[in-house]
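Visitor: The following block contains the structure, expressed as structure tokens.
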Amino acid sequence: MSAIPNRHLGLLYVAPALIFVAAFVLVPLGQLIYLSLTNTSLLGGGEWVGFANYEKALGDKAFWRALGFTVKYTIVITPILIGLGFGLALLTAQNTRLRLLTRATVFLPVVIGLGTSSLLWYWLLDQQVGLFNKILLDLGLVAEMPVWFTKADPALIGVIISVTWKVVGFGMILFVAAIQSINAEVLEAATIDGASYWRQIWKIIIPLSMRTILLVTLISAIGSMLAFDQFYIMTGGNPRGQTFTSVYLIYQNSFISFKLGYGAALSIILTAIILVFSAVQVFLSSRSESE
């Protein structure tokens, strides 16, 4: 190691990571881009068609409907995950025994697979035997057993309930870490100066946790844009394809309709949209750090 010049030593250290990224990210991405420029079928065969798949996507009403639904789902669920996760973090930030138990209970669903949790909530929301529906009925919140998956809006609400239960604990843990990293003397000084608890949250805790808030927002939004498992299991894209997400539509085109080239083009378009959103989030994060 001593014989290696210092300017090359750093490259040697990052070489394993670079090889991994090249083998499992860059090469597959290049293959995907090439595939999107062909009309390859899952059954084999295909030829070069250039940007024909992208032109088709721009005029594909099903794609734009699925993208619109995906954006709607993302816009609705992301604030819920951020707000509820941050609220739970405020309630459990102190390391008392009861709050540690509450924190562990909320975090527990995170370790369950998304497919498992989706199937669980599919049965909990079942009109005939669903325990969740029975609880709503016993509490007098509904007059009769609700039907969740015959209309688009109730189906979306049902999926949001299941996903919130599944992943809100992840954001809560990150927020707890951010809150606990704030210097206690700052909060004590604010208390001595007469700042109320809510004023401390708005003027101290939230600004000092902004980097984590933006990080959780980015993770939640990207995860929502890539939603597939929960809709595949709980709604199957029904009713009448109104709950198709972008990834679900890509799956349908690639593996059900065998249009592998067209599915690759849809994947590239979705990737580009997510990259633009991620770049905006990184920009906002860098601005918050500089301020």
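The values are calculated or read from the model by the stated rules, or taken from the named source; none is laboratory data. This is a predicted model, so every value here is computed, not measured. Note: ideal-geometry Cβ built from the backbone for every residue, glycine included; neighbour counts use all protein chains shown. Surface accessibility is based on the protein's heavy atoms, side chains included, excluding ligands, DNA and RNA. Shrake-Rupley method; radii C 1.70, N 1.55, O 1.52, S 1.80 Å.
Visitor: Sort the range 5-134 into rounded, prolate or oblate with this rule: let a ≥ b ≥ c be the square roots of the eigenvalues of the Cα gyration tensor; rounded if a/c is under 1.5, and if a/c is not under 1.5, prolate when a/b is larger than b/c, oblate otherwise.
Guide: On the way: a/c = 2.56, a/b = 1.30, b/c = 1.98.
It is oblate, given that a/c is not under 1.5 and a/b is not larger than b/c.
Visitor: Related question: Evaluate the charge dipole of the chain about its Cα centre and quote only its size in Debye, nearest 20, assuming +1 on the Cβ of each Lys and Arg and -1 on the Cβ of each Asp and Glu. Please list the in-between numbers first.
Guide: Details: 17 positive and 13 negative charges, 9 e Å.
With Lys and Arg at +1 and Asp and Glu at -1, about 40 debye.
Visitor: Here is a further query. Looking at the square roots a ≥ b ≥ c of the eigenvalues of the Cα gyration tensor of the range 238-291, which shape do they give, rounded for a/c under 1.5, prolate if a/b is larger than b/c, or oblate? Let's see the in-between values first.
Guide: On the way: a/c = 6.34, a/b = 2.38, b/c = 2.67.
Oblate shape, in that a/c is at least 1.5 and b/c is the bigger or equal ratio.
Visitor: Heavy atoms only, probe 1.4 angstrom, no DNA, RNA or ligands counted: give me Trp123, Trp148 ranked by accessible area, highest first. Each step should come with its number before you reach the end.
Guide: Details: Trp123 140, Trp148 30 Å².
Order by accessible area, largest first: Trp123, Trp148.
Visitor: Using a cut-off of 13 Å between beta-carbons, work out the net charge of the residues near Gln127 (Lys and Arg +1, Asp and Glu -1, Gln127 not included).
Guide: Values: positive: Lys134, Lys151; negative: Asp126, Glu144.
Once all neighbours under 13 Å are counted, the net charge is 0.
Visitor: What number, in percent, do you get for the relative contact order of the chain if the mean sequence gap of Cα pairs under 8 Å and at least 6 apart is divided by its residue count? List each step's numbers first, then the result.
Guide: Details: 305 pairs, mean separation 83.9, N = 291.
The value is 29 percent.
Visitor: Can I ask one more? Grab the DSSP H runs of the chain that are 4 residues or longer, score each as -39,500 (n - 2.57), total them, divide by all residues and round the 222 nm result to the nearest 500 deg cm²/dmol.
Guide: Values: 14 runs with 196 residues, N = 291.
Rounded to the nearest 500, it is -21500 deg cm²/dmol.
Visitor: With θ set to phi - 60° and the Karplus curve 6.51 cos²θ - 1.76 cosθ + 1.60, what are the ³J(HN,Hα) couplings of the range 217-232 in order, to the nearest whole Hz, using x for Gly and Pro?
Guide: 4, 5, 5, 5, 5, 5, x, 6, 5, 9, 4, 8, 3, 5, 6, 4
Visitor: In square angstrom, what is the accessible area per residue of the chain with a 1.4 angstrom probe? Write down the numbers at each step before the final one.
Guide: Numbers: 17020 Å² over 291 residues.
On a per-residue basis, 58 Å².
Visitor: Under a 5 Å amide H to amide H cut-off, with H placed in plane at 1.01 Å, what residues pair with Thr38 once short-range neighbours are removed?
Guide: Result for Thr38 returns Val49.
Visitor: Another question, then. What are the extents of the Cα atoms of the chain along their three principal axes, listed from largest to smallest and rounded to whole Å?
Guide: Result for the chain: principal-axis Cα extents of 76, 73, 32 Å.
Visitor: While we're on this one: Suppose every K and R has +1 on its Cβ and every D and E has -1 on its Cβ; what is the size of the dipole of the range 61-152 about the Cα centre, in Debye to the nearest 20?
Guide: Numbers: 8 positive and 3 negative charges, 67 e Å.
Charge dipole, the range 61-152, about its Cα centre: 320 debye, nearest 20.
Visitor: In debye to the nearest 20, how big a dipole does the range 167-291 give about its Cα centre with +1 on each Lys and Arg Cβ and -1 on each Asp and Glu Cβ?
Guide: Details: 6 positive and 6 negative charges, 103 e Å.
The dipole of the range 167-291 has a size of about 500 debye.
Visitor: Within 10 Å, Cβ to Cβ, of Leu249, how many net charges do the neighbouring residues add up to if Lys/Arg are +1 and Asp/Glu are -1?
Guide: Values: positive: Arg65; negative: Asp60.
Once positives and negatives cancel, what remains is 0.
Visitor: Where a ≥ b ≥ c are the square roots of the eigenvalues of the C-alpha gyration tensor, would you call the range 125-264 rounded, which needs a/c under 1.5, or, failing that, prolate if a/b is larger than b/c, or oblate?
Guide: On the way: a/c = 4.00, a/b = 1.63, b/c = 2.45.
Here the range 125-264 falls in the oblate category.
Visitor: Local charge sum around Met172 (other residues, Cβ-Cβ under 14 Å, Lys/Arg +1, Asp/Glu -1)? Before the final figure, lay out each step's value.
Guide: Values: positive: Arg99, Arg103, Lys166; negative: none.
Neighbourhood net charge equals +3.
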